[in-house]
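J.: Below are the structure tokens for one structure; questions will follow.
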Amino acid sequence: MVLPPFRRILLFGSLGLLSLYVLLVASFSLQWRMLHDAPILMYLALLIDKFGYVPYRDFLDVNLPGSYLIYGLVGHLSGYSDLGFRIADLLYLTAISALTWLWMRIFGRMVAWASVILGAMLYFSYGQAISFQREFLILLPLLAALVATVRLPEQPFVRKYFIVGLLFGLAAAIKPHAALAMPCVLIYHAWDAGQGRAIDWKRGLLAAVSSAAGLGVPVLATIVYLWSVGALAGFVEMARNWWPLNFNITTELVIMNGRAFREYLWNGYTAGIFTLWLIPMGLGLWLALSSQTLNAAAKRRVGLLVCLAACYSVYTLLAGKFFPYHWFIYLYFVTHIAALCFVRQPADGAWWKPAASLLFLWVLVPVLLFPPTEFIAPALDMEIPPPKNGRVDEIAAFLSTNLREGETVQPLDWTGGAVHAMLLAQARLATPVVYDVIFYQHISSPYVQSWRQRFMQALQAAPPRFIIEIETNKPWVSGPDTTRQFPALQAFIAAEYSIALQGDGYAVWEHSELGK
């Protein structure tokens, strides 16, 4: 079925222009810097790679080993540089885009193309802050699992679903709840095997057993690794204590409990779900399900898309947080549903259907996927502000100039730039505490109290040459059972250290004896 030339030119031309826009943003993004969580995770990878630290044994962190593995590989190959990080980010996005094409190809080339472009635009619309976030990392094994489900041959059946489970397991090695859509995929398989008329429960059960075995491989490998390096006890302690303490901290970093916390979850969830995206989603679903050009198998895949979007909306509830990047996987599948607006329609079909596609493209897309500030600035010949308005580079330059071989540094910070500066200077961490947020929340908890004691003991046993204290533009947890005071630490610094560098919102303290 051939589209009229005018309609074909409009659709291809529109997607072509958006493709050029994506390539332009990608080229500008090579100037971006690491921000927010990325420098912290990269620094943890540096500790493992360069200094031989073992997570959960030599430093405290809430992330899973899968994150360290990916960041460590990127850092090792790129020298922990911003440009290397950006290149790795674009290569990862390219791999995700290729899998997106394979996954959405059943709906036609236009839909697959639109899915790739909208997904890339979604990613770039977040700007530097989301680059290489863990939700972005999760997408690659997740999409690989979906492609394996629909592209691998059915025989040998057990091997196919073992691979699917293994890929979900790799996603879960980054964040555990990344695998929550696996049952949805297996149910879809059983439904698809029954040609949409009934669920083939026998085949579904075999797929579940095979995929569960595959899912268990990364889990078992992680346990064996942690046990072999003496870090299993530290990981279990962290998971049993810090994860639960972190759950009832809101997006605004306020501790809530009981009804107030439940209302926060409901309000945050509904605010993220009921957005303008419902318009292109609804339009895409209507055009796909009413299309005369899609076969029954493709229409069943539409149902799977809806289930995936629903599952990864629940993902935000399981995190207890609604930061923009927590919505990324959900919105990525939403862009797939919106791309169904480009399902091929009969040449003699209703005129308004292709018109609706173009209306979505040129009216809603600029609103929903507005270009990031980091793209607009270079386009206007303006400089992109450096991380934390130059604070990171100032501290890094000071450390690189003054830190001697074998000396250590202790950050008193979270995402305020101290850890980022230590990454740039490749400075060695003094104690197991990378970021100090744990000291000021749930202060009556025995776990928090024990870490306060461990931290002071580590400082006194081997004082660092420098302590970086971030004073402003630093996130603090507030609400019941929180504080901003740590008397023992403050007394230790006052007695042993003097200010070596005072900057805008930060101070670098130098040990009185070690600095001689």
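J.: Tell me which of these Leu60 doesn't satisfy, since it passes every other one: (1) free of Cβ contacts under 8 Å to residues at least 60 places away in the same chain; (2) surrounded by fewer than 22 Cβ atoms within 10 Å (Cβ to Cβ); (3) of a type outside the set (Asp, Glu).
T.: Of everything listed in (1) free of Cβ contacts under 8 Å to residues at least 60 places away in the same chain; (2) surrounded by fewer than 22 Cβ atoms within 10 Å (Cβ to Cβ); (3) of a type outside the set (Asp, Glu), Leu60 misses just condition (1).
J.: From the list Ala298, Ala309, Ala288, pick out the single residue that is modelled with pLDDT of 90 or more and open to solvent by less than 30 Å² (accessible area, probe 1.4 Å).
T.: None of the other options fit; the residue is Ala309.
J.: Restricting attention to segment 391-424, report how many residues are within 25 Å of the chain's Cα centre (by Cα) and small (Gly, Ala, Ser).
T.: Residues meeting the conditions: 4.
J.: Then there is this: Just a yes or no: is a residue in segment 458-471 β-branched (Val, Ile, Thr), modelled with pLDDT under 90, closer than 23 Å to Ile249 by Cα and not in a helix (DSSP H, G or I)?
T.: Among the residues of segment 458-471, not one is β-branched (Val, Ile, Thr), modelled with pLDDT under 90, closer than 23 Å to Ile249 by Cα and not in a helix (DSSP H, G or I), which makes the answer no.
J.: Considering only residues that are modelled with pLDDT of 90 or more and under 25 Å from Phe59 (Cα atoms), look in segment 497-516 and name the one that is surrounded by the most Cβ atoms within 10 Å (Cβ to Cβ).
T.: Only one residue tops the list, namely Tyr506.
J.: Report the residue count in segment 231-271 for those that are more than 17 Å from Phe323 (Cα to Cα) and buried (at least 16 other Cβ atoms within 10 Å of the Cβ).
T.: 8
J.: Only residues in segment 387-407 that are closer than 16 Å to Pro464 by Cα count as the first member; pair them with residues that are at pLDDT 90 or above and open to solvent by 70 Å² or more (accessible area, probe 1.4 Å), Cβ under 8 angstrom, at least 6 apart or cross-chain, and list the lot.
T.: Cβ pairs passing all conditions: Gly406/Arg428; Glu407/Arg428.
J.: I would also like to ask the following. Could you run through segment 137-188 and say how many residues are among the β-branched types (Val, Ile, Thr) and open to solvent by 20 Å² or more (accessible area, probe 1.4 Å)?
T.: So the answer is 4.
J.: Inside segment 32-53, can you point out the residues that are surrounded by 16 or more Cβ atoms within 10 Å (Cβ to Cβ) and not in a helix (DSSP H, G or I)?
T.: Within segment 32-53, Trp32, Arg33, Met34, Leu35, His36, Tyr53 qualify.
J.: Could you grab me the full set of residues in segment 379-395 that are farther than 25 Å from Leu331 by Cβ and either open to solvent by 30 Å² or more (accessible area, probe 1.4 Å) or at pLDDT below 75 (or both)?
T.: Selection gives Leu380, Asp381, Met382, Glu383, Pro385, Pro386, Lys388, Asn389, Asp393, Glu394.
J.: Quick test for you: out of Leu99, Leu122, Leu93, pick the one residue that is open to solvent by less than 10 Å² (accessible area, probe 1.4 Å), out of contact with any strand residue (DSSP E or B) (no Cβ under 6 Å at 6 or more places or on another chain) and modelled with pLDDT of 90 or more.
T.: Leu122
J.: Select, from Asp89, Asp82, the only residue that is closer than 20 Å to Thr415 by Cα, in contact (Cβ under 8 Å) with a residue 12 or more places away in the chain and of a type in the set (Asp, Glu).
T.: One residue alone meets the criteria, Asp82.
J.: Next question. Taking the stated definitions as given, is Ser19 more than 25 Å from Val448 (Cα to Cα), in contact (Cβ under 8 Å) with a residue 40 or more places away in the chain and more than 15 Å from the chain's Cα centre (by Cα)?
T.: Here the answer is yes, as Ser19 does meet what is asked.
J.: Quick check on my filter: what residues within segment 472-495 are outside any loop (DSSP other than H, G, I, E, B) and open to solvent by less than 70 Å² (accessible area, probe 1.4 Å)?
T.: Ser478, Ala488, Leu489, Ala491, Phe492, Ile493
J.: Here's a follow-up. Which residue out of Leu359, Leu368, Leu276 is in contact (Cβ under 8 Å) with a residue 60 or more places away in the chain and surrounded by fewer than 17 Cβ atoms within 10 Å (Cβ to Cβ)?
T.: Testing whether each residue is in contact (Cβ under 8 Å) with a residue 60 or more places away in the chain and surrounded by fewer than 17 Cβ atoms within 10 Å (Cβ to Cβ) leaves just Leu276.
The values are calculated or read from the model by the stated rules, or taken from the named source; none is laboratory data. Fair warning: this is a prediction, and the values are worked out from it, not measured in the lab. Cβ sites come from the backbone with ideal geometry, for glycine too, and all protein chains shown count toward neighbours. Protein only, heavy atoms only, side chains kept; ligands, DNA and RNA dropped before computing areas. Shrake-Rupley method; radii C 1.70, N 1.55, O 1.52, S 1.80 Å.
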